């Protein structure tokens, strides 16, 4: 087994008291101190609406952190998606307090109050195996989708999740009608973006909206690469994971930060720390 355990986890829950913001700061300091002592690296975002984290380190030390998090009121059932790597994929340890644990900026979309119905990875695979009329909607950014997505998924052409609402409202009428007439399953890397994207779709009038529980990473864990083409982009030095949750060898272009597959790294337009097929100029 590879020596570094990587975990991704989030939970929408009321952390601290709105009238006592100092409690959130106390939790931030406590977690930062613990992660430093455990020699963990990654990021933890805290907010009144919950927690979002990506952490890597020695397996026993990662489990110590998870146990501490589950001792926090509201996080007792925190679940983590796990993968392994040979090296530490993060450079440092950050623990921050944010307004939102996933930036969206739309009032009235509050996962603490309402989320769309979920569909498990295995149930989605059954629907796809049977050829049921399901529309898959990728809520991720374009540069993430470049490495891979579900077969036939709708792509919105966005560079930041905050662009999602506008992208939905400006879809061609034919696509809007398709979404209206179908069961729509939203998906993202680990599920957190769908907690806000799917309810927005419902508010826009779409009737049959489901969100893929646990996202692509959970789907890989339970179903492998069935109905999926390529790899999954991740926000650390591993860049891409295959359906076995193993590092693929993809890298980021130093110049434009576009993810590059192993094949693209062999392209004549790729020059280390200079250019890639996406940003090359004669």
- Based on the Kirkwood radius over alpha-carbon pairs, what value in µm²/s does the Stokes-Einstein equation return for the translational diffusion coefficient of the stretch 182-236 at 4 °C and 1.567 mPa s? 108 µm²/s
- Item | Global form of the stretch 4-97, assessed from the alpha-carbon gyration tensor, a/c cut-off 1.5 | prolate
- Task: Determine Rg/Rh for the stretch 118-230; Rg is computed over alpha-carbon atoms and Rh is the Kirkwood hydrodynamic estimate from the same atoms.
- Result: 0.92
- Between rounded, prolate and oblate, where does the chain land on the alpha carbon gyration tensor, with a ≥ b ≥ c its root eigenvalues, rounded for a/c under 1.5, else prolate if a/b exceeds b/c? oblate
- Expressed as a rounded percentage, what relative contact order does the stretch 207-277 have, with Cα pairs under 8 Å and six or more residues apart? 18 percent
- Exposure proxy ranking, count of Cβ atoms within 10 Å, fewest first, for 2, 46: 2, 46
- Give the Rg (one decimal place) followed by the Dmax (whole number) of the stretch 191-270, computed from C-alpha coordinates and expressed in Å. 15.9, 48
- Message: Going by average Cβ density within 10 Å per residue, which order do the peptides 96-102, 207-213 take, highest to lowest?
- Response: 207-213, 96-102
- Task: Note down the relative contact order for the stretch 4-97 as a percent, whole number, built from C-alpha pairs under 8 angstrom at least six residues apart.
- Result: 46 percent
- Looking at the chain, send over the antiparallel percent of its DSSP beta bridges, to the nearest 5. 65 percent
- Message: Restricting to DSSP H runs of at least four residues, report the calculated mean residue ellipticity at 222 nm for the chain, -39500 (n - 2.57) per run over all residues, nearest 500 deg cm²/dmol.
- Response: -7500 deg cm²/dmol
- Going 7 Å from the Cα of residue 94 toward and past its Cβ, which residues in the stretch 257-277 have a backbone nitrogen under 19 Å from where you end up? 257-259
- Message: What does the extension gain come out to for residue 118 and residue 268, with contour length at 0.36 nm per residue minus their alpha carbon separation?
- Response: 49.6 nm
- Message: Could you tell me the relative contact order of the chain? Use alpha-carbon pairs under 8 Å, at least six residues apart, and round to a whole percent.
- Response: 16 percent
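A short reminder: the numbers here are calculations on the coordinates, not readings from a lab. Here the structure is a predicted model, which means the values were calculated and not measured. Please note: Cβ atoms are built from the backbone with ideal geometry, for glycine as well, and neighbour counts cover all protein chains shown.
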